[in-house]
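Only one structure is covered here, and it is reproduced in the block below.
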Amino acid sequence: MIRIATMHDLVRAREIIGIGRAAMRAAGNTVQWAPVGQAEEAVAEDIRQGRFYVLEDDGGIYGVFALVLGDDPTYEYIEGAWRRDAPYGTIHRIASDGTHRGVLAECVRWSMEQIPHLRIDTHQSNRAMRGAIEKLGFVYCGTIYIADGTPRMAYDLM
């Protein structure tokens, strides 16, 4: 089940993001995701804005993500081209505790029910995420730059 997160979910979200960060580091991606404090503040702001979600079952929360509907300032400039200029949602800060398979697919299916045009980005060194994104049908569109100026590979799905 996917539901909107509350501030009560922040501690578990922080744990899950920590697990995701550790998994990326173990796979050789040593640069993606903001330092712990910045990531937690981004999640707290997402919760305040009503755009952060949790995946849970009887065992509790096992995944988290943000779905930002509407224009994302980070996506205004792209080296390349978006395939379509239409309203979209952007998936950010997706992470899993590793206990369930298919978390990204579950998030994408649910998000497509909210808005049929999605965008997502990842760091070039995040090979696992790039493979998962492409397996779900996202198409690479070019390079965007996040707020700190670092590049990200940008994809869309429609």
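The values are calculated or read from the model by the stated rules, or taken from the named source; none is laboratory data. What you are looking at is a predicted structure, and each value in this text was computed from that prediction instead of being measured. All Cβ positions, even for glycine, are placed from backbone atoms using ideal geometry, and neighbour counts span all protein chains on display.
Among the residues of the stretch 118-133, those identified as within 22 Å of VAL64 (Cβ to Cβ) and not in a strand (DSSP E or B) are HIS123, SER125, ASN126, ARG127, ALA128, MET129, ARG130, GLY131, ALA132, ILE133. Out of ALA95, ALA66, ALA42, one residue alone is touching a His at 6+ places or on another chain (Cβ under 9 Å) and in a strand (DSSP E or B). It is ALA66. Quick check: is even one residue across the stretch 130-146 under 13 Å from the mean Cα position of the chain (by Cα) and aliphatic (A, V, I, L, M)? Yes.
Flag: VAL108 matches the condition of being buried (at least 21 other Cβ atoms within 10 Å of the Cβ), under 15 Å from TYR155 (Cα atoms) and modelled with pLDDT of 95 or more. Is it the case that TYR145 is in contact with a Ser or Thr (Cβ under 7 Å, 6 or more places away or on another chain) and aromatic (Phe, Trp, Tyr)? No.
Is it the case, given these coordinates, that ALA95 is surrounded by 12 or more Cβ atoms within 10 Å (Cβ to Cβ) and modelled with pLDDT of 95 or more?
Spelling it out, it is not the case that ALA95 is surrounded by 12 or more Cβ atoms within 10 Å (Cβ to Cβ) and modelled with pLDDT of 95 or more.
Among the residues of the stretch 147-158, the one identified as exposed (fewer than 13 other Cβ atoms within 10 Å of the Cβ) and in contact with a helix residue (DSSP H, G or I) (Cβ under 9 Å, 6 or more places away or on another chain) is ALA147. Total residues in the stretch 69-82 satisfying the condition of being at pLDDT 95 or above, surrounded by 11 or more Cβ atoms within 10 Å (Cβ to Cβ) and in a loop (DSSP other than H, G, I, E, B): the figure is 2.
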